[in-house]
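The values are calculated or read from the model by the stated rules, or taken from the named source; none is laboratory data. None of the values given here were measured: they were computed from a predicted structure. Heads up, the Cβs are rebuilt from the backbone with ideal geometry, glycines too, and the neighbour counts pull from every protein chain shown. Side chains are part of the model used for accessible areas, which takes the heavy atoms of the whole protein and leaves out ligands, DNA and RNA. Shrake-Rupley method; radii C 1.70, N 1.55, O 1.52, S 1.80 Å.
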Amino acid sequence: RGGGPASGGSMAQRTLPLPRQQSFCPPTVPNPFVHPCRLGAGDKLRLCLLGIILLPLRAIGMIVLLVLSWLAASIATFHHPGGGAVPLTRWRRRTIQTTLSCLTRTLFFVMGFRVKVKGKVASPREAPIIVAAPHSSFFDAIVSALTGMPSVVSRAENLSAPVFGTILRSLQPVAVSRLDPDSRKNTVTEITNRALSKGQWPQILIFPEGTCTNRSCLITFKQGAFIPRVPVQPVLLRYPNKLDTVTWTWQGYSLKELCIMTLCQLFTRVEVEFLPVHVPSEEERNDPVLFANRVRQTMATALNVPVTDHTFEDCRLMISAGQLTLPMEAGLVEFTKISKKLNLKWNHIREQLDTFAAIASSSKGGRIGIEEFAEYLKLPVSDVLRELFLLFDRNGDGTIDFREYVIGLSILCNPANTEETIRMAFKLFDIDDDGTITEKEFASIIQSALGLPDLDVSDLFKEIDADGTGKLSYNVFKKFALEHPEYAKLFTTYLELQRYQVGMSEEDDGIQSPEAKYTPARKSAVSETRPVARNKVCPADHEEDSSSTSDKKDD
């Protein structure tokens, strides 16, 4: 994997044994938010022929059933005291659980759905909360009809929609307001209060993934359904159809297109399986994340699909990547895992996406090659740069994707970009020790470090010397270093290669001193920095193994 013949051995020695945490390995399903299915000519012809007959008939039937459902919902909520703050009781609840549930089942039947049910629905006392997955379509609402029309979590503005708003209000949903900064906290509190009401409120149906996927895996479960620490009943959804017209993802058919195609199908199969109630252990009651992960794993095992750490925030990054002319899937990083292990916020990762897009703008496929990496750093491809590139390239495919870039910055560059490292680098460049770096001094060290005596570094120097004084003070140098942490790791990588070469020379020469390998000007700089570099910036390989105390150091 190394570069030139002279130092290829040293880079292989440094790069190949580099520990890689399994927890940072790419997900088994790279993109669960895409549905690439396209209709063939035969499918289109069949849908058109069936649609001529089925579409108008089903549309009429749906309108009639929606009006009847609206009427039943209006009766059940007519003059209800307390509005949504008081649970429906007696005949009001029975109207919802029987009449509205029957009408909803009939509606799905008219739409062409043939439902196969497995397992038994738990009572509200056995499982106050129902969690359904995988969530892949708006047709997943079929679960509501099969469970007696439980409450759901819905946006507050949906309650004001004509017809549908009245039906939704009759389910007494937990309303989420975008205008309320405490909405998320209030939502969790309301879910908890209802779950602990001992049957006074209806069951709550939650899709814990929080967004639609293509059912190829189960993504991160949000904690809202598990914070109340009550038993939950997992519900599995399957659509075993030859032609998939129900999957609604971020990349694929639109809502309107899916509705029309589904209504033009002769029938659409759906399987709903109710798993046994999951009663949380004491350990799970004290840890909602553990509770959610174990329920997810149980459901994934039953579905025979993997689990990944994608979440809704990955969808937001996908949209941002598309806006930056990158492939949308380039924004996928498994946000839950990356943010937790590297302590990164969404806004920080979004800023890094801007930088990544600027580097990858000239490449294809939303990945950075060694040439784009070198062009971004305004340096030629050299052994030192190649070594740094290999540290970023976690899977060794010769490119850096956005996920590898985020991990590399957090694990490799930012920890190396310390005050000590910056000051050490400044001293190395400041050959005459006058407190400033001239372009000649800057070029001398860069040319020596990269082994390219004729290298022109004027463009890089001008970028650092923003005010055009021709000299770099420590503050200017530090400001640039903090804004471009890649250079810090490039510098420490150079020191590591120097140490390796010195160590190899000592083994070959026996008693020859390291200082004999350097010119007087370089001698003091390297000898001064070597202890700091070894202990604080880039520890030796045997020290890495013994001093690792965190995920970042292990990696």
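For segment 97-200, calculate the relative contact order in percent as a whole number, restricting contacts to Cα pairs under 8 Å that are 6 or more residues apart.
Numbers: 69 pairs, mean separation 29.1, N = 104.
Dividing the mean separation by the residue count of segment 97-200 yields 28 percent.
Report in % the part of the accessible area of segment 419-502 that belongs to carbon and sulfur, leaving out ligands and nucleic acids; probe 1.4 Å. List each step's numbers first, then the result.
Values: 2060 of 3980 Å².
Carbon and sulfur together cover 52 percent of it.
Which trypsin sites (Lys or Arg not before Pro) does segment 116-189 hold that lie in a coil by DSSP with at most 14 other beta carbons within 10 Å?
Numbers: sites: LYS116, LYS118, LYS120, ARG125, ARG155, ARG169, ARG178, ARG184, LYS185; in loops: LYS120, ARG125, ARG178.
Answer in residue order: LYS120, ARG125, ARG178.
Which chymotrypsin sites (Phe, Trp or Tyr not before Pro) does segment 78-151 hold that lie in a coil by DSSP with at most 16 other beta carbons within 10 Å? Walk me through the numbers on the way to the answer.
Numbers: sites: PHE78, TRP91, PHE108, PHE109, PHE113, PHE138, PHE139; in loops: PHE78.
Counting only loop positions with at most 16 other Cβ atoms within 10 Å, the chymotrypsin sites (Phe, Trp or Tyr not before Pro) in segment 78-151 are PHE78.
Rank these residues by their accessible area, most exposed first, probe 1.4 Å: SER473, SER382, SER361.
Details: SER473 45, SER382 10, SER361 90 Å².
Of SER473, SER382, SER361, the descending order of accessible area is SER361, SER473, SER382.
Which value, in Å², gives the accessible area per residue of segment 367-448 when a 1.4 Å probe is used on the protein heavy atoms?
Values: 2910 Å² over 82 residues.
Result: 36 Å² of accessible area for each residue.
Enumerate by residue number the chymotrypsin sites (Phe, Trp or Tyr not before Pro) in segment 261-294 meeting two conditions: DSSP loop (anything except H, G, I, E, B), and at most 15 other Cβ atoms within 10 Å of the site's Cβ. Please report the intermediate quantities before stating the final value.
Working: sites: PHE267, PHE274, PHE291; in loops: PHE267.
Here the sparse-neighbourhood loop sites are PHE267.
With θ taken as phi - 60° and the coefficients 6.51, -1.76 and 1.60, list the Karplus ³J(HN,Hα) couplings across segment 159-164 in order, rounded to whole Hz; mark glycine and proline as x.
Computed from phi, the couplings for segment 159-164 are 5, 9, 5, x, 6, 4 Hz.
Using a 1.4 angstrom probe, figure out how much accessible area segment 41-303 has per residue, in square angstrom, rounded to the nearest whole.
Numbers: 12700 Å² over 263 residues.
With the other protein chains kept in place, segment 41-303 gives 48 Å² per residue.
Along the charge dipole of segment 312-415, Cβ charges K/R +1 and D/E -1, which of MET328, GLY366, ILE349 sits furthest on the positive end?
ILE349
Kirkwood hydrodynamic radius, segment 41-303, all distinct C-alpha pairs: what's the number in Å?
On the way: mean 1/r = 0.0517 Å⁻¹.
The Cα-based Kirkwood calculation yields 19.3 Å.
Set the bar at 28 Å for Cα to Cα. Now go through LYS120/LYS222; LYS185/LYS345; LYS345/LYS462; LYS118/LYS256 and name every pair that lies beyond it. Before the final figure, lay out the partial values.
Details: LYS120/LYS222 25 Å; LYS185/LYS345 19 Å; LYS345/LYS462 32 Å; LYS118/LYS256 30 Å.
Over 28 Å apart, Cα to Cα: LYS345/LYS462; LYS118/LYS256.
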